Amino acid sequence: MAESMGSNSAASSAGREPGGAKPRAIALVGPQGSGKSTLFDALLATAGAPPRRAPARGMSTEIRLGHCTWMGDPWAILDCPGSVESAHDAACALAVVDLAVVVCEAAPARAATLGPLFRLLEDQGIPALVWINKIDGLSGSIRDSLAALQAQSRRKLVLRQVPIREGEAVVGYVDVASERAYRYRRGEASEQIALPEPMREREAEARGELLEALADHDDALMEKVLEDLVPEPAEIYRPLHQAEASGAVVSVLLGAAEQGNGLRRLWKALRHDVPWPAETAMRLGIEAEGEPMAQVFRTLHAGHAGRLSFARLWRGPVREGGSLGGLRIGGLHRFPGGEAQKVPEAETGEVVALGRMEGLATGDCPGAAEALAFPAPPPPVHALAISIEDRKDEVRLSGALQRLAEEDPALTVTMDPESSQTVVAGQGEIHLRAALERLAAASGVKVKSVRPQVAYRETIRQAVTQHSRLKRQTGGHGQFADVKLEIEPRPRGAGFTFAERVVGGAVPKRFIPAVGEAAELATKKGPLGHPVVDIAVTLLDGSFHSVDSSDMAFGTATRMAMQDGLAKADPVLLEPVDQVTISVPAEYTPNAQRLLSARRGQILGYEAKPGWEGWDEVQALVPAAELQDLIIELRSQSLGLGSYVRRFDHLAEARGR
Ligand SMILES: Nc1nc2c(ncn2[C@@H]2O[C@H](COP(=O)(O)OP(=O)(O)O)[C@@H](O)[C@H]2O)c(=O)[nH]1
Ligand SMILES: [Mg+2]
């Protein structure tokens, strides 16, 4: 018999109405290379969605959306990129789905890579299910894998399938809830077999754990467990749906996406366990009644299709040409098998792309009276300055840059007024490289990337008195001004001051403001080429000419005095020093400390990261110039898990640079 698909058709009624089931949405998330895209294709194929033209595998950096129908229920599946640098894209998608399918491998040594994802799901209250993929290559016991995963999850993980092995190879599984055994068949539904005798004990153990986990949340089941009675399947499935929807437990399923193994079992679990849009709406605080409302989780400029706003429709229906939150819906697209297709309307629960809705940004909720949460982009950890070969491309480039930032909230584009550099900052080297490639493709402009300039400053270490005289005779009317300035160092952070101690009107009052302005202007660029900070300038004395003196003449004389005076006052370079907080799993804390010390960092200490069991936060003061590639090395020394935040702390003398 084929893997049973309809046996438990008395599904929960929350989303079912006479008109049929409301569309549900899931996101496939998990580490890079775990098989999310393979699973995405396999789920769509198993559901009979039209095959896609090009299998877009490999290093996926974009979210993919697919629509399909499984046993009469409509679904949207989001294949999310897995790299840490794309984590914000995944977080945006997770904000609008009913459940996350965490795709991972049975590799206890790398279980820690799932920590941040589990934490996000827990903190946001997003229901989840774990799919341990590549079960065809399982080495070691599934028990060890589960224990390693459990160590990363605050939610209780319950194993729903026990692998059946012949030698080392996994050839099938026992379904723990139904106690049925199945043998995998490549690319086909599994075949039910008799429960192998040697499996009984292991199956009973897993079943005991499942029941115990559920009994904690269900009194009726608790009674049966305590009395050693065998519960009916429905007595298991109902509390399972509830415990999963509330995030109390996370089911763990097994399979091999590439071999097509375990897919129908996964579909069945999705069908029964994934909360309905109405349940998710309740979780998110969305009113059931009201005008149509959607939440945008991604914005894309899709060539001829124009600007697409991918959104979950929390309250429908909407029609093409109709309006949403006062904006006209220029188009509606669904993605059967992953290919865009125009549709006339969309209903509550659907994930659709809204076409040409100007002014709509990622995170917006057109039509909402309620305030919905949406993840804030993480602070940038890597930056590049871009330069173009041809200045006349500037306008085209700035338009493309704006679209790029709009598509990717984890990317910031700023113009550094000091260096005149356009600085693109984001989540890592690959993130920025991909962004610049998209930029070049979209704008047709050749861009080069360089290191962003560090905002050096300079100051002086010695007080000087500088006398300067301007005397010019050009024809009749001349220019005359004479100033004597004292230039003194001030403490770090004290800033610039100007004062005067002129006696006897040696410099008339009316010229003194011009001296002060010129002195301050001269700090814009000091003898070392950087802005000068923390100095006091005092006008001590001077002289003037009743006809030839003017504001301009006193300004010029002051500039000369500043230029000469600063150069003689023992100028010194000041470099910005940032306070850096690295967060890493505790086993990598020594690596983080070593890395900071090697970058002229002054370690301030470390402590347990609040709310993150097993993680530390290492604090240090590090020169900004040393932070440019920090994230690359940090990740390579922490299984990709380390991250950091920085903020300017102070300026420090950089002698000998
Ligand atoms: N052995 C095995 N390999 C798989 C399985 N599923 C995916 N892969 C392979 O794992 C690699 C990464 O898959 P992909 O779907 O691109 O991973 P993603 O980064 O999570 O989207 C590819 O080479 C796949 O062929 C599976 O079930 N078994
Ligand atoms: Mg992928």
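Peptides 239-251, 489-501, 313-325, 83-95, ordered by how many other C-beta atoms sit within 10 Å of their residues on average, highest first, read 83-95, 239-251, 313-325, 489-501. Compute log10 of I(q)/I(0) for region 458-569 with the Debye formula, placing one identical point scatterer on every Cα and leaving out solvent, at q = 0.12, 0.19, 0.21, 0.23 Å⁻¹, to two decimals. At q = 0.12, 0.19, 0.21, 0.23 Å⁻¹ the computed log10 ratios are -0.38, -0.88, -1.04, -1.20. For the chain, the residue among N591, A561, L121 whose Cα projects farthest onto the positive side of the dipole built from Cβ charges is A561. The smallest convex shape that holds all Cα atoms of region 21-283, its convex hull, gives 124 Å³ per residue. Once the convex hull of all Cα atoms in the chain is built, its volume per residue stands at 207 Å³. Amide H contacts of H301: L308, each under 5 Å away and 5 or more positions distant or on a separate chain (H built 1.01 Å from N in the peptide plane; Pro and chain starts excluded). Using a Förster distance of 45 Å, how high is the FRET efficiency between E607 and M282, based on the Cβ-Cβ distance and rounded to 0.05? Approximately 0.75, to the nearest 0.05. Under 13 Å from a point 7 Å along the Cα-to-Cβ line of R319: which residues of region 343-381 have their amide N that close? Taking a point 7 Å out along Cα→Cβ of R319, the residues of region 343-381 whose backbone N falls under 13 Å are 344-346.
A crude spin-label estimate for the pair D390 and V454, with each label 7 Å from Cα along the Cβ direction, gives 3.6 nm. How would you classify region 289-355 from its alpha-carbon gyration tensor, with a ≥ b ≥ c the square roots of the eigenvalues: rounded for a/c under 1.5, else prolate if a/b is greater than b/c, otherwise oblate? Note, shape of region 289-355 comes out prolate.
Think of each Lys and Arg Cβ as +1 and each Asp and Glu Cβ as -1; about the Cα centre, that makes the dipole of region 387-450 roughly 200 debye. Using the membrane-span-like helix rule (whole DSSP H runs, Cα extent along the own axis of at least 24 Å, mean Kyte-Doolittle hydropathy at least -1.0), which helices of the chain qualify? Helices passing the filter in the chain: 551-568. Here the dipole of the chain is about 2280 debye; that uses its Cα centre as origin and unit charges on the Cβ of Lys and Arg (positive) and Asp and Glu (negative). Were the residues from E358 through Q124 laid out at 0.36 nm apart, the gain over their Cα-Cα distance would be 81.3 nm. With each label modelled as a point 7 angstrom along the Cα→C-beta vector, the R600-K525 pair spans 2.4 nm.
Rounded to whole numbers, the Karplus 3J(HN,Hα) couplings from phi for region 317-334 are x, 10, 10, 4, x, x, 10, 9, x, x, 9, 7, 7, x, x, 10, 10, 10 Hz, using 6.51 cos²θ - 1.76 cosθ + 1.60 with θ = phi - 60°, and x at Gly and Pro.
Take the Cβ atoms of S420 and R492, set R0 to 25 Å, and the FRET efficiency comes out at 0.40.
Model label sites at R200 and F648, defined 7 Å from Cα along the beta-carbon direction, differ in position by 7.4 nm. Estimated purely from DSSP H runs of n ≥ 4, each contributing -39500 (n - 2.57), the mean residue ellipticity at 222 nm for the chain is -8000 deg cm²/dmol once divided by its residues.
Measuring nothing but protein heavy atoms, the accessible surface of region 100-221 at 1.4 Å probe radius is 47 percent carbon and sulfur. Taking 22 Å as the limit for the C-alpha separation, the pairs K392/K448; K448/K525; K134/K268; K484/K568; K525/K568; K36/K342 exceed it in the case of K448/K525; K36/K342. Once neighbouring chains are kept in place and the probe is 1.4 Å, which whole percent of the accessible area of region 387-450 is contributed by carbon and sulfur? Answer for region 387-450: carbon and sulfur cover 52 percent of the accessible area. Need the C-alpha centroid separation for region 599-619 versus region 200-241, integer Å. Using only Cα atoms, the two centres lie 42 Å from each other. At a probe radius of 1.4 angstrom, the accessible area of region 575-653 per residue rounds to 45 square angstrom. Projecting the Cα atoms of V381, G338, G605 onto the charge dipole of the chain, computed from C-beta unit charges around the Cα centre, puts V381 farthest toward the positive end.
Sorting 470-478, 434-442 by average packing, meaning the other beta carbons within 10 Å per residue, from highest down gives 434-442, 470-478.
The values are calculated or read from the model by the stated rules, or taken from the named source; none is laboratory data. Given the structure is predicted, the values throughout are model-derived calculations rather than measurements. A quick note on method: Cβ atoms are made from the backbone with ideal geometry, for glycine too, and the neighbour counts reach across all protein chains shown. Surface areas here come from the heavy atoms of the whole protein model, side chains and all, with no ligands, DNA or RNA. Shrake-Rupley method; radii C 1.70, N 1.55, O 1.52, S 1.80 Å.
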